[in-house]
Amino acid sequence: MLLCMASAISPEGEALLRWKSTLLNSTYLSSWSHAESTCDWFGVTCDNAGHVTALELSWFSLNGTLNALYFPAFRNITTLDLCGNNLIGTIPENISLLLTLAYLDLSNNYFVGAIPHQLGKLPWIRYIDLGNNYLTNPDPAKFSPLSTVQTLHLNDNNLNGTFPQFILNRTNVRLKDFDLSGNFFSGSIPETLPDMVPNLLFLDE
């Protein structure tokens, strides 16, 4: 008897397929199907145990939102790169459930709304690029210090007011690269910045 069996799909794979079904342009994701192992899908990297560790889909004209992407399924992901697409809507608050995430690039999309303060709950995050969107100020009362972040790009959004207060915290000792250019800030850079962020090498305001 000849049996035809589809490749086993991981929980991460099921989550990605559900997200794909909501995207308007998923031409580059043709390999995402039950006929292929999740780890063989375009833009997906796995570890030896078959868990998704990276999703890299920059500049592929994906149209849609992140609302249907079930973040709790990704317990081992370290890299999420969706730069340069046509993603819209807000950045979901439950992105904070990506507890192993170290690299996040959502730049050059069409995201709106406040930068989610839940980003401050990512324990291993090193790199955040949210530049070239339409994001507004996070709630400073809720935004936790980004104690592990070395690179933070918030350029070319709709941020305004004075210099972001969540940066002026002694726990931001690892921050080296900070880009605020192309926003609507007023006032001067605080004189205490070198003391508060001692490792800062690049600042663009």
(request) Return yes when LEU106 is surrounded by 17 or more Cβ atoms within 10 Å (Cβ to Cβ) and aliphatic (A, V, I, L, M) and no when it is not. (result) yes
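Can you work out which of the residues in the range 37-46 that are more than 26 Å from GLY113 (Cβ to Cβ) and assigned to a loop (DSSP other than H, G, I, E, B) is farthest from the chain's Cα centre (by Cα)?
Checked the range 37-46; the qualifying residue farthest from the chain's Cα centre (by Cα) is SER37.
Being on the phi < 0 side of the Ramachandran plot and either crowded, with 19+ Cβ neighbours inside 10 Å or small (Gly, Ala, Ser) (or both) is the filter here; which residues of the range 84-103 pass it? Walk me through it before giving the result.
Let us first name the residues in the range 84-103 that are on the phi < 0 side of the Ramachandran plot, namely 85-88, 90-103.
Selection gives ASN85, LEU87, ILE91, ILE95, SER96, LEU98, LEU101, ALA102.
Here is a yes/no grid of residues against (1) in a loop (DSSP other than H, G, I, E, B); (2) outside the structural domain of TYR134 (by TED's automatic domain parsing); (3) free of Cβ contacts under 8 Å to residues at least 12 places away in the same chain:
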{"position": "ALA15", "(1), (2), (3)": "no, yes, no"}
{"position": "LEU23", "(1), (2), (3)": "yes, yes, no"}
{"position": "SER31", "(1), (2), (3)": "yes, yes, yes"}
{"position": "ALA35", "(1), (2), (3)": "yes, yes, no"}
{"position": "ASN48", "(1), (2), (3)": "yes, yes, yes"}
{"position": "LEU55", "(1), (2), (3)": "no, yes, no"}
{"position": "ASN67", "(1), (2), (3)": "yes, yes, no"}
{"position": "GLY84", "(1), (2), (3)": "yes, yes, no"}
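Give PRO138, PRO116, PRO123 a once-over and let me know the one that is in the same structural domain as LYS176 (by TED's automatic domain parsing), over 18 Å from VAL173 (Cβ atoms), under 14 Å from the mean Cα position of the chain (by Cα) and in contact (Cβ under 8 Å) with a residue 24 or more places away in the chain.
Numbers: PRO138 fails: under 14 Å from the mean Cα position of the chain (by Cα); PRO123 fails: over 18 Å from VAL173 (Cβ atoms).
Of PRO138, PRO116, PRO123, the one residue that is in the same structural domain as LYS176 (by TED's automatic domain parsing), over 18 Å from VAL173 (Cβ atoms), under 14 Å from the mean Cα position of the chain (by Cα) and in contact (Cβ under 8 Å) with a residue 24 or more places away in the chain is PRO116.
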(request) Quickly run through the range 159-189 and pick out the residues that are exposed (fewer than 13 other Cβ atoms within 10 Å of the Cβ) and either modelled with pLDDT of 90 or more or of a type in the set (Asp, Glu) (or both). (result) ASN160, PHE184
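I'd like the residue in the range 62-94 that is among the polar types (S, T, N, Q) and more than 20 Å from ASP156 (Cβ to Cβ) and, out of all such residues, is farthest from the chain's Cα centre (by Cα). Write out each step before concluding.
Just the residues of the range 62-94 that are among the polar types (S, T, N, Q), to begin with: 63, 65, 67, 76, 78-79, 85-86, 90, 94.
Right, trim to more than 20 Å from ASP156 (Cβ to Cβ) and you get 63, 65, 67, 76, 78-79, 94.
Numbers: ASN63: 16, THR65: 13, ASN67: 13, ASN76: 15, THR78: 10, THR79: 8, ASN94: 11 Å.
Taking the candidates together, the pick is ASN63.
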(request) Sort out which residues of the range 125-135 are over 13 Å from ILE95 (Cα atoms) and part of a loop (DSSP other than H, G, I, E, B), and write them in order of number. (result) ARG126, LEU130, GLY131, ASN132, ASN133
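The values are calculated or read from the model by the stated rules, or taken from the named source; none is laboratory data. Predicted model, so just to flag it, every value in this text is computed and none were measured. Every residue, glycine among them, receives a Cβ derived from its backbone with ideal geometry; neighbour counts consider all protein chains shown.
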